[in-house]
Ligand code: HEM
């Protein structure tokens, strides 16, 4: 909680500074606006203001659809590599074995954060570009000190090269999508199994300020539906994909007073105690075997007294979403099938399916554009 107070104080100071600076704070008018990030919102806006980027056009539904088994197509010599998908799976399995199941949650979130900013083009993985310098998406407030699993994607990239006879043919965007598929399979203990279409190229741009496309934990249902709609996803997808909050962790600084007082009071007390000694808490207190990284429908049973964020609790705030929450809580198989389909749908956001020199490529390493 100490970290949360410090950040909130910093937010107030930055806002005051912006006021003192006076008319030149007109700059702030040009700044992006984070939605649903609560007390941190003004700090986030101030931090991000003035950074490059911002000519963001929401991705359109791809005219050139992805296909299943792109790397298995022997008619396309350039990308033919039938062992590519298995190499990614092995890398994810190895990482989860070595680091624990939490890293699987990290990979699923990486995939979501990639999809929502410039589409599924691995822009979230870049840590330096000509246009943005170090201020790539990784530095964006929703991502910084929060995302994990980059090392797994790097290892999977190396593994695909080895599996493809040393050739660089598998895009980082595809690797991330396949890894998210594999993490879903492993964390659901085999219950969520689906094929992920492939054929994405990697982009060459990434801007921290474009992470305003990501909803925050204080978002209302209207915010969530609007932000998902921009990406071609609907209200049903909001409810389905939020089920990923049955795994992983969250930083204590996001546990607002308002939210804590709306939760089950015993649980809120436990969270407060954990946050005295830890910077993070698990998102799901009730998964079987107390494994906080079981991807299951427990999340829907936790709403609204045992979920961490307002953005989770608001799924009960409309009749339609409430019905879906209840249906998912009652029927694990339905949730699993819906989640698989929604992950594939998310994997189609803003995909780049052709090689345009200078714009798209197959990256040599996932954290840097080629010929940087
Ligand atoms: C609906 C809007 C969403 C909001 C407002 C939201 C917000 C958040 C926040 C604030 C955290 C904690 C981050 C931190 O403390 O550093 C988090 C964690 C997480 N989110 Fe979401 N999220 C949303 C949707 C999604 C979706 C669509 C997915 C994936 C399908 C997802 C997967 C995760 C996972 C797996 C974690 C835990 C990550 C880890 O343990 O490393 N979230 N989310």
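Hey, how many Å between the Cα centroid of the stretch 279-299 and the Cα centroid of the stretch 345-372? Result: 34 Å between the Cα centres. Using bins of 10 Å that start at zero, the share of Cα-Cα pairs per bin across the stretch 196-294 amounts to 12, 32, 36, 16, 4, in whole %. Rounded to whole Å, the principal axis extents of the Cα atoms in the chain read 59, 53, 38, largest first.
Given contacts defined as C-alpha pairs under 8 Å and at least six residues apart, what's the relative contact order of the stretch 58-372, whole-number percent? Answer for the stretch 58-372 is 27 percent. Value of Rg to Rh for the stretch 321-372, rounded to two decimals, is 1.29; Kirkwood radius and Rg both from alpha-carbon coordinates.
For the options 318, 219, 188, a Gaussian network treatment of the chain with springs between C-alpha atoms closer than 10 Å singles out 318 as fluctuating the most. Of 192, 175, the sequence from fewest to most neighbouring Cβ atoms within 10 angstrom is 192, 175. Counting every alpha-carbon pair across the stretch 273-353, the share separated by more than 20 Å comes to 45%. Global dimensions of the stretch 234-372 from alpha-carbon coordinates: Rg and Dmax equal 18.6, 57 Å.
Only helical runs count toward this figure. For the chain, summing -39,500 (n - 2.57) over DSSP H runs of n ≥ 4 and dividing by all residues gives -13500 deg cm²/dmol at 222 nm.
Each peptide in 250-258, 271-279, 302-310 was scored by the mean count of other Cβ atoms within 10 Å over its residues; highest first, the order is 302-310, 250-258, 271-279.
Values quoted throughout were computed directly from the atomic coordinates according to the rules given, and no laboratory measurement underlies them. All values derive from a computational prediction rather than experimental measurement. We place every Cβ from the backbone using ideal geometry, glycine too, and count neighbours over all the protein chains shown.
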